[in-house]
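In what follows, a structure is listed as structure tokens, so that the remarks can point back to it.
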Amino acid sequence: MEVVIKIAVLASGSGTNLQALIDAPDLGAEVRLVVSDRPDAGALGRAEAAGIPSRIVPWGDFGSRTEFTTAILGEIESSGAEAVVLAGFMRVLSDDLIAAYRNRVLNIHPSLLPAFPGAHAVQHALDHGVKVTGVTVHFVDEEVDHGPIIAQRAVPVLPDDDLASLHARIQAEEHDLYPKVVGAFGRGQIHVEGRMVRWQ
Ligand code: GRF
């Protein structure tokens, strides 16, 4: 595998997006570290199985968002990671990390932003009755689910969809899209000017 960029992946949950990055044959990036705020995150087992170092930084160990973020930033910097990939990381990071890794923090979100930001995007799409939702990969800025959009994929909402069925089809798109975006970013093919992102 050609290693172009070293990344740290932050994950709170099952880690299927982390797994997609691990399994991508031509990712062009090396996952140097996996960080989770939750000791029971499935992502940690996936990291161990792949031989990737991991750290647990429990949210409850810290008195403020800034202290929590400082601890995570320290782990990322120690790993030598040049970019940060959020993959189902359910904590908001403070501005220090965003500033230290400006336009080098990527996130994947299960809606077509700016529709349905927040932690319940798939349910909100169902509740709203939209006919199309999807996936967004974006750079992280100081506002939640707000930064410059890198790539999007549309996913139709089917008449019989429930949360599980819709989220499963969204995740299938996520697992295809995220490695492609991370690889393109690692190879220097993605450029940001203000809110506009250009692919080369
Ligand atoms: C994904 O649906 C992602 O869009 C959202 O959190 C979920 C993480 O899933 N941010 P997994 O832990 O990668 O399976």
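Quick note: the coordinates plus some simple rules give every number you see, no bench work behind them. None of these values were measured; they are calculated from a predicted model. Here the Cβ positions follow ideal geometry from the backbone for every residue, glycine too, while neighbour counts run over all protein chains shown.
The charge dipole of segment 5-199, taken about its Cα centre with unit charges on the Cβ of Lys, Arg, Asp and Glu (plus for the first two, minus for the last two), comes to roughly 440 debye. Placing a label point 7 Å from the Cα of S165 along the Cα-to-Cβ line, the residues of segment 119-144 whose backbone N sits under 18 Å from it are 122-134.
Between D26 and Q152, the C-beta separation translates, for a Förster distance of 22 Å, into a calculated FRET efficiency of about 0.50.
Given their separation in residues at 0.36 nm each and the Cα-Cα distance between them, V144 and E77 gain 21.8 nm when the chain is fully extended. By the count of other C-beta atoms within 10 Å, a proxy for reagent exposure, V144, V9 are ordered fewest to most as V144, V9. In segment 1-134, the alpha-carbon atoms span a convex hull of 123 Å³ per residue. Annotation: the residues T16, T133, sorted from fewest to most other C-beta atoms within 10 Å of their own C-beta, follow the order T16, T133.
Taken along the Cα-to-beta-carbon direction at a fixed 7 Å, the label points for R198 and A100 span 3.1 nm. Ordered by the number of other Cβ atoms lying within 10 Å of each residue's own Cβ, fewest first, M196, M90 fall into the sequence M196, M90. Assuming a ≥ b ≥ c are the square roots of the Cα gyration tensor eigenvalues, decide whether segment 100-200 counts as rounded (a/c under 1.5), prolate (otherwise, with a/b larger than b/c) or oblate. Cα axes put segment 100-200 in the prolate bin. By DSSP, what percent of the beta bridges with both residues in segment 41-153 are antiparallel, rounded to the nearest 5? For segment 41-153, the DSSP antiparallel bridge percentage is about 75.
Figure legend: label point modelled 7 angstrom from the Cα of I56 along Cα→Cβ; residues of segment 29-43 with amide N under 15 Å from it are 34-43.
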